[in-house]
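The values are calculated or read from the model by the stated rules, or taken from the named source; none is laboratory data. Everything quoted here is computed from the prediction, not taken from an experiment. Note: ideal-geometry Cβ built from the backbone for every residue, glycine included; neighbour counts use all protein chains shown. When the accessible area is computed, the model is the full protein with side chains, heavy atoms only, and any ligands, DNA or RNA have been set aside. Shrake-Rupley method; radii C 1.70, N 1.55, O 1.52, S 1.80 Å.
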Amino acid sequence: MSTQNNGGAALGVAVVTGASAGIGKEYADRLAKRGYDLILVARRKDRLEALSKELRNKYGVKAEVLVADLGNDTDLKRVGDTIAVNERITLLVNNAGSSALKPSINLPVDVVDNLMDVNAKSVTHLSLAVLPTFIKRNSGTLINIGSVLSFYATPISTSYSAAKAHVMLFTIGLRDELANTGVRVQLVLPASTGTDLWDLSGFGLKNLDPATVMTTEHCVDAALAGLDAGETVTLPSVEDASRWEVFDKARLAMFADSQTGKPASRYGLGG
Ligand SMILES: NC(=O)c1ccc[n+]([C@@H]2O[C@H](COP(=O)([O-])OP(=O)(O)OC[C@H]3O[C@@H](n4cnc5c(N)ncnc54)[C@H](OP(=O)(O)O)[C@@H]3O)[C@@H](O)[C@H]2O)c1
């Protein structure tokens, strides 16, 4: 059944990277349901085209396909250039990501480079591509998908965690830079979610305790509920929201405490 709406004209275009599967595919569905027209970005053209057709039929929105490998500089630049000049874009979800879960010394350096490029560099470049238009218009929403591994590294996730840590600080920094504007920035930090990412990482979803794994529907619906509620940092699976506040306050206090200009007394250097 087609749920027609005229939202696209009013809401504009949402770009979703990594829309061919998992969390990104869910974002595409939910944003189309809200009435956004879409630009769907990923490598797998067949999946993007099938999703585009599905969303056009289901919600009556426009859904353009942009095939790109965001780990490739030429493709990344092409996507950045494309979205930078599209003034209909009002929302960007930087969701595309990949993982390789092994002890650091067992990961070839080109795999580590690719993790950095897809998970961190592409988020940076594409955020910076849309922000000038958002700032000029004084409206627009940037959603960057980090992870609970943005603030935690397991013995097999060091490089992935480091890339996701970049997403966290970059996004919080942008939020603070843009605090007095009409541009909204949300950092989403999901925990384990039932997607292909795990099997592709080499770790295997079956190795996770099913009780700790969220569905993509719950993850995205919670993240969008957080956005609607005005959250700038959303941890979909964390019950006690004050956890983030405590973490954030500790971070800010430690920075403030570092501004002494002299060695700490425990080093016995005087002064
Ligand atoms: N699943 C979890 O437990 C979990 C937890 C926390 C955070 N996250 C984050 O959530 C985001 C979505 O991941 P997911 O779990 O939904 O994984 P997924 O099901 O494997 O989907 C990843 C998406 O990213 C795209 N992608 C991967 N490499 C790409 C590249 N080089 N260029 C362009 N697109 C690329 C994939 O499309 P193509 O293969 O078609 O290119 C796919 O659409 C990621 O940023 C991930 O780090 C996931």
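Could you state the orientation-averaged shadow area of the convex hull built on the Cα atoms of the stretch 158-271, in nm² to one decimal?
One quarter of the hull surface, i.e. the mean projection, equals 10.7 nm².
Among P236, A165, L66, flag the residue with its Cα farthest along the positive direction of the charge dipole of the stretch 7-256, charges on Cβ as +1 for Lys/Arg and -1 for Asp/Glu.
L66
Please identify the DSSP H helices in the chain that span no less than 15 Å along the helix axis (Cα) and have a mean Kyte-Doolittle hydropathy of 1.0 or more.
Answer set is empty.
Tally up the carbon and sulfur contribution to the accessible surface of the chain as a whole percent, 1.4 Å probe, everything protein left in place.
Within the chain, the accessible surface is 56 percent carbon and sulfur.
Could you tell me what % of all Cα pairs in the stretch 7-256 have separations over 21 Å?
Above the 21 Å cut-off, the stretch 7-256 has 57 percent of its Cα pairs.
How would the stretch 201-267 be classified by its alpha-carbon gyration tensor: rounded, prolate or oblate, with rounded meaning a/c under 1.5 and the a/b versus b/c comparison settling the rest?
It is oblate, given that a/c is not under 1.5 and a/b is not larger than b/c.
About its Cα centre, what dipole magnitude does the stretch 72-138 give when the only charges are +1 on Lys and Arg Cβ and -1 on Asp and Glu Cβ, stated in debye to the nearest 20?
300
Among T260, P210, P155, which residue has its Cα furthest toward the positive end of the charge dipole of the chain, with +1 on Lys/Arg Cβ and -1 on Asp/Glu Cβ?
Of the listed residues, the answer is T260.
Place a label point 7 angstrom from the Cα of V213 along the Cα-to-Cβ direction, then list the residues of the stretch 180-197 whose backbone nitrogen is under 12 Å away.
Counting only backbone N, you get 192-197.
Would you mind computing, in nm to one decimal, how far apart the modelled labels at D228 and A241 are, each placed 7 Å from Cα along Cα→Cβ?
For D228 paired with A241, the spin-label model returns 1.4 nm.
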